[in-house]
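Working notes, beginning with the structure itself.
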Amino acid sequence: MSLKPAADTATAPSAARFAVQCEVLRLSAQPSGPVLLVQFLLDCGVAALFAWQYSVPHALAWIALIAASTAWRGFFPQQLPDPLTADNLPAALRLHTLRIAVHEGVHGLAGVLLFNPAEPVAQLLLAAVIMAMTLSSAFSVSYHTPAMQLAIALLLLPLIVMGVLFGAPVMMMAALLGVGLLAMVWKLVSERSRQLEENIGLRHNESALREQALAGLHASQQAQAERLRFFSAANHDLRQPVMAIGLQAEVLRQQLDGGAPTVLVQQTVAALSQAQQALEGLTNQLLEIGRIEAAADPLHPTPVALAPLLQSFARQSSRVRVRCPADALAWTDAVALRRILGNLVDNALKFAPQGRVLLAVRRRRAGAAWRVEVRDGGIGIAPEAQQRVFGDFEQVGNVERNLRRGHGLGLAIVRRLADRLGFVITLRSVPGRGAVFGFELEAAPADLVLPEAIREAVPVPADPQPLRPGIAVLVVEDNTVVADSIAALLRHWQAEPRIYTSAAEALALADLPAIDVALCDIRLPGELDGVALAELLHEQRPDLTIALVSADIEPVTQRLAQQRGWHALRKPVRAADLRAVLAAAGQGLLRP
């Protein structure tokens, strides 16, 4: 998991503010031609009125300036940068403010050019005209608050100054009213701009929410399509071993009815076993993918010694070689790392059947990281398929879908685990010359105390282990088909199964002192599950060999079994694992 940086959250309001300012500028920078024309015609009427009442030259000078300013705004509008950015927006706003100030400042010159010191009535008329211009401009010139406030000041201040200095007493009162009007309109402009910006912000938020909803819908549809593809592929691959099991079972029945030779029967049984192993492998991988995507297994980063971990894979196959510094210590989750390496090694062994596999580790970033690589000399992967191989049910070199070569989920599991651990799996490959899968791990300080090493699975001996005849086995399993299968196998081994479907039934009816082994399914009907039953059995019979059985054994349950000295068998239980539990009980051993 990754946390979103605080800086990203802090920039969200500034980004919204930037979008609003851009919208305000676009609305303000493009003046309406009809509005400018109507305004100019009104200005012509004002000029004619004061030419008749006061001075023709002054009126002509003022209307000429108005004409030039109106033509400048109308025929040479401001060209905004495309796109507007945080760098160029302030300059564009300043230019817009300057243009508005010039245009309104020219209108404000009426307070000087058309002011008649000798006629109080003309002065009041001029004051009324300019105040009307101010109110009109407050709603039509611009939506940018600084531009409008400056424009209003340039409109009214010349008249106020002239009225105070040269006006009649009544005009001085009008000038004072102009000061009040200036303050009122400033506040009005500020409030109107704030409301406009809020409305624009709301519209942008609605648009952003709509886009997010559409993106979410698209992502949901895409995810649904991916899930459908995943389950379709899983359904296809699950049906293959199921069909093989069904057909081979029918073959085995007919062979037994017809008295077929033992060799043929053994071949059929081997084919059944292979199909069962393929089915088990696929279900285990599907379960693992589900647990990874649900984050069911929490990550516990610890210092991990890489050399012993890699050597454990070399001990499992003579074709695996290791080249790793003895002091290589990484900071990661040991269980997840083992699963990643296990899948990569398994993949390399499958697709390099005649070659060796090298596990190599070297220092990177001046010792701050370790580069881990799994190299093989197999068939290689073409460039166009190198990203595809990390997908679900994707396999290169297995177009026939040979179940012995897996189902195409190993690298998909690797990708998911790497995502959870926070690194990327890289791939270098040339067709016919093998492949190199690699990733980097954060180096851990060399003086850290290593935790207890992860226990490796102890391989079950190939030869059947001897069992004490007549060993009594308590089987608590609510699935009748599974219980009958376990009982049949136990009887074949000359053991004595005691079958019960619930914990309460087993505790009430079973002869517990005579029991040698207890197989407790974890998911049982009733108030007591298999773990609770095992605890009660352990209290009554500390020497009793107990095995918890489940298709999904949680890490907590696994640790509890280790602490109590119990066994933990994951369904589908292999016959060899079950026999090992019975053999240990027969010899008086407790090996969790």
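The values are calculated or read from the model by the stated rules, or taken from the named source; none is laboratory data. Since we're looking at a predicted model, the values are computed, not measured. Cβ atoms come from the backbone with ideal geometry, glycine included; neighbour counts cover every protein chain shown. Accessible surface is based on the protein model in full, side chains and every heavy atom, while ligands, DNA and RNA are left aside. Shrake-Rupley method; radii C 1.70, N 1.55, O 1.52, S 1.80 Å.
Determine which member of the set 552, 577, 521 is under 41 Å from the mean Cα position of the chain (by Cα) and modelled with pLDDT of 90 or more. After applying the criteria, what remains is 521. Here 309, 337, 341 are screened, and the one residue that is open to solvent by less than 20 Å² (accessible area, probe 1.4 Å), closer than 19 Å to residue 429 by Cβ, at pLDDT 90 or above and part of a helix (DSSP H, G or I) is 341.
Looking only at residues of region 256-268 that are assigned to a helix (DSSP H, G or I) and open to solvent by 70 Å² or more (accessible area, probe 1.4 Å), we find that the one that is nearest to residue 244 (Cα to Cα) is 267. Scanning region 366-387 for residues being open to solvent by 30 Å² or more (accessible area, probe 1.4 Å), closer than 17 Å to residue 423 by Cα and modelled with pLDDT of 85 or more gives a total of 1. Just so you know, in region 540-565 the residues that are free of Cβ contacts under 8 Å to residues at least 12 places away in the same chain and open to solvent by 80 Å² or more (accessible area, probe 1.4 Å) include one that is nearest to residue 584 (Cα to Cα), and it is 543.
Of the residues making up region 32-43, one or more are within 22 Å of residue 144 (Cα to Cα) and part of a loop (DSSP other than H, G, I, E, B).
Take region 431-489 and flag every residue that is within 34 Å of the chain's Cα centre (by Cα) and modelled with pLDDT under 80. Selection gives 446, 448, 449, 450, 451, 452, 453, 454, 455, 456, 457. Does any residue of region 390-398 turn out to be at pLDDT 70 or above, under 30 Å from residue 283 (Cα atoms) and of a type outside the set (Lys, Arg)? Yes, the conditions are met somewhere in region 390-398. Checking each residue in region 483-508 for being free of Cβ contacts under 8 Å to residues at least 12 places away in the same chain and either touching a Phe, Trp or Tyr at 6+ places or on another chain (Cβ under 9 Å) or among the hydrophobic types (A, V, I, L, M, F, W, C) (or both) picks out 488, 508. Screening residue 277 against (1) part of a loop (DSSP other than H, G, I, E, B); (2) at pLDDT below 90; (3) more than 30 Å from the chain's Cα centre (by Cα) leaves a single unmet condition, (1). For the residues 118, 132, the requirement of being in a loop (DSSP other than H, G, I, E, B), free of Cβ contacts under 8 Å to residues at least 24 places away in the same chain, open to solvent by 30 Å² or more (accessible area, probe 1.4 Å) and not charged (D, E, K, R) singles out 118.
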